[in-house]
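Asks: Just passing along the structure, written as structure tokens.
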Amino acid sequence: MPNNRTTSPWKQFWERGGWWKGVILAAVYYGVYQLGGLAMSPLLRPWLADPHSAAYVMAAFVIPIAFGGLILVLFALSLGWLKELFARQPVRGGRWMWLAVVIVLGFNILRMVNVDYGSAGAGYAAAWLLAGLFIGFAEEVLTRGFVVNLMRKAGHREIAVALVSAAVFSALHAGNLLGGQALLTTLLQLLYTFAFGICMYLTLRVTGNLIWPILLHATTDPSVFLLSMYPGSGPLAPIAALGNFPVILFGLVAIIFIRGQAANKDGLTASTLVAS
């Protein structure tokens, strides 16, 4: 525990943790991210003319999300948490949790190998890979980094940590409605991102370090967008396009098993760790 005599009130506030602080942090992050995008839009507008160009991906995704990631790094530095977020996880997972990694990574690879790269172009594909890296970093540091850390500091049970971190991650995508996305499409996206968030939580648990859900997440968005824009003609392309459904099914079913392990060695709560 920090020494309150030498720790600033700012750090004391966050060190006490709490799920609601994670929600506030996510809301503030989303607001700053959106404002940053608006501020940069006059400079980036010329790059947005062609949605099939690498410049479009850089302007619409890479640069704004890189800004969001920078904000999160600065916030972590203000708390002295950067090393803590990437330290070895205090709560580890059972072997069954590797299924989350296998399912997500398996379909990411399947999508990637079924993209028509000749039509997409090397520059466009490379821009999406870079975008995926920034997306994975920012969204995982926020939800599986800060939100998980804040909840564990407050002694929440791991089932609550899993659900809240996934729910916050999912809620970040509700803003797509403001961009004109259809309501039904957004609702399906919220369901998928919630289940995907559970899978990323399981990845964090079973690998023991935040870097792995970041990298797994980093391969997801590029594979989804590249396949949707430039699907190949191979026989496995239709199967690859259905990859979201196994993730949804596994993510939702996994909640039952996370809850069931809450009292054993694979589901120790933060309060248990402190007590030991």
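The values are calculated or read from the model by the stated rules, or taken from the named source; none is laboratory data. Owing to the predicted nature of the structure, the values given are computational and were not obtained by experimental measurement. Here the Cβ is made from the backbone with ideal geometry for all residues, glycine too, and neighbour counts use every protein chain on show.
Asks: Only one residue in ALA218, ALA162, ALA240, ALA166 is crowded, with 18+ Cβ neighbours inside 10 Å, of a type in the set (Gly, Ala, Ser) and more than 17 Å from VAL101 (Cβ to Cβ). Which one?
Replies: Sole residue among the options that is crowded, with 18+ Cβ neighbours inside 10 Å, of a type in the set (Gly, Ala, Ser) and more than 17 Å from VAL101 (Cβ to Cβ): ALA240.
Asks: Restricting to the stretch 184-224, give me the number of residues that are in contact with a Phe, Trp or Tyr (Cβ under 6 Å, 6 or more places away or on another chain) and not in a helix (DSSP H, G or I).
Replies: Number of matching residues: 1.
Asks: Could you say which residue among GLY180, GLY208, GLY175, GLY197 is at positive phi and either touching a residue at least 24 places away in the same chain (Cβ under 8 Å) or among the hydrophobic types (A, V, I, L, M, F, W, C) (or both)?
Replies: GLY208
Asks: When you go through (1) farther than 26 Å from VAL148 by Cα; (2) of a type outside the set (Gly, Ala, Ser); (3) in contact with a Leu (Cβ under 8 Å, 6 or more places away or on another chain) one by one for ILE109, which number turns out not to apply?
Replies: The failed condition is (3).
Asks: What residue, among those in the stretch 109-129 that are closer than 13 Å to VAL57 by Cβ and aromatic (Phe, Trp, Tyr), is nearest to the chain's Cα centre (by Cα)?
Replies: So, considering only residues that are closer than 13 Å to VAL57 by Cβ and aromatic (Phe, Trp, Tyr), the one nearest to the chain's Cα centre (by Cα) is TRP128.
Asks: Given the condition on the phi > 0 side of the Ramachandran plot and not β-branched (Val, Ile, Thr), answer yes or no: does some residue in the stretch 80-94 qualify?
Replies: Yes: the stretch 80-94 contains one or more residues that are on the phi > 0 side of the Ramachandran plot and not β-branched (Val, Ile, Thr).
Asks: Which of the residues belonging to the stretch 226-256 are among the hydrophobic types (A, V, I, L, M, F, W, C), part of a helix (DSSP H, G or I) and more than 19 Å from LEU191 (Cβ to Cβ)?
Replies: Within the stretch 226-256, LEU226, LEU227, MET229, ALA237, ILE239, ALA240 qualify.
Asks: Against the definition (assigned to a helix (DSSP H, G or I) and within 24 Å of LEU129 (Cα to Cα)), how does GLN181 come out, yes or no?
Replies: When the stated conditions are applied, GLN181 does not pass them.
Asks: Kindly indicate which of PRO51, PRO64 is in contact with a helix residue (DSSP H, G or I) (Cβ under 9 Å, 6 or more places away or on another chain), buried (at least 16 other Cβ atoms within 10 Å of the Cβ) and of a type outside the set (A, V, I, L, M, F, W, C).
Replies: PRO64
Asks: Find the residue count for the stretch 40-96, including only residues that are farther than 19 Å from LYS11 by Cα and part of a loop (DSSP other than H, G, I, E, B).
Replies: 12
Asks: TYR30 - would you say it is in a helix (DSSP H, G or I), farther than 18 Å from PHE225 by Cα and of a type in the set (Ser, Thr, Tyr)?
Replies: yes
Conditions tested, residue by residue: (1) under 13 Å from the mean Cα position of the chain (by Cα); (2) at pLDDT 95 or above.
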site	(1), (2)
ALA166	yes, yes
LEU178	no, no
GLY197	yes, yes
LEU204	yes, yes
ASN209	no, yes
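Asks: Which is at pLDDT 95 or above, over 15 Å from the mean Cα position of the chain (by Cα), assigned to a helix (DSSP H, G or I) and of a type in the set (Gly, Ala, Ser), of GLY132, GLY136, GLY145, GLY106?
Replies: GLY106
Asks: Which condition breaks for ARG157 when tested against (1) more than 28 Å from GLN12 (Cα to Cα); (2) touching a residue at least 24 places away in the same chain (Cβ under 8 Å); (3) surrounded by fewer than 24 Cβ atoms within 10 Å (Cβ to Cβ)?
Replies: Of (1) more than 28 Å from GLN12 (Cα to Cα); (2) touching a residue at least 24 places away in the same chain (Cβ under 8 Å); (3) surrounded by fewer than 24 Cβ atoms within 10 Å (Cβ to Cβ), only one is false for ARG157: (1).
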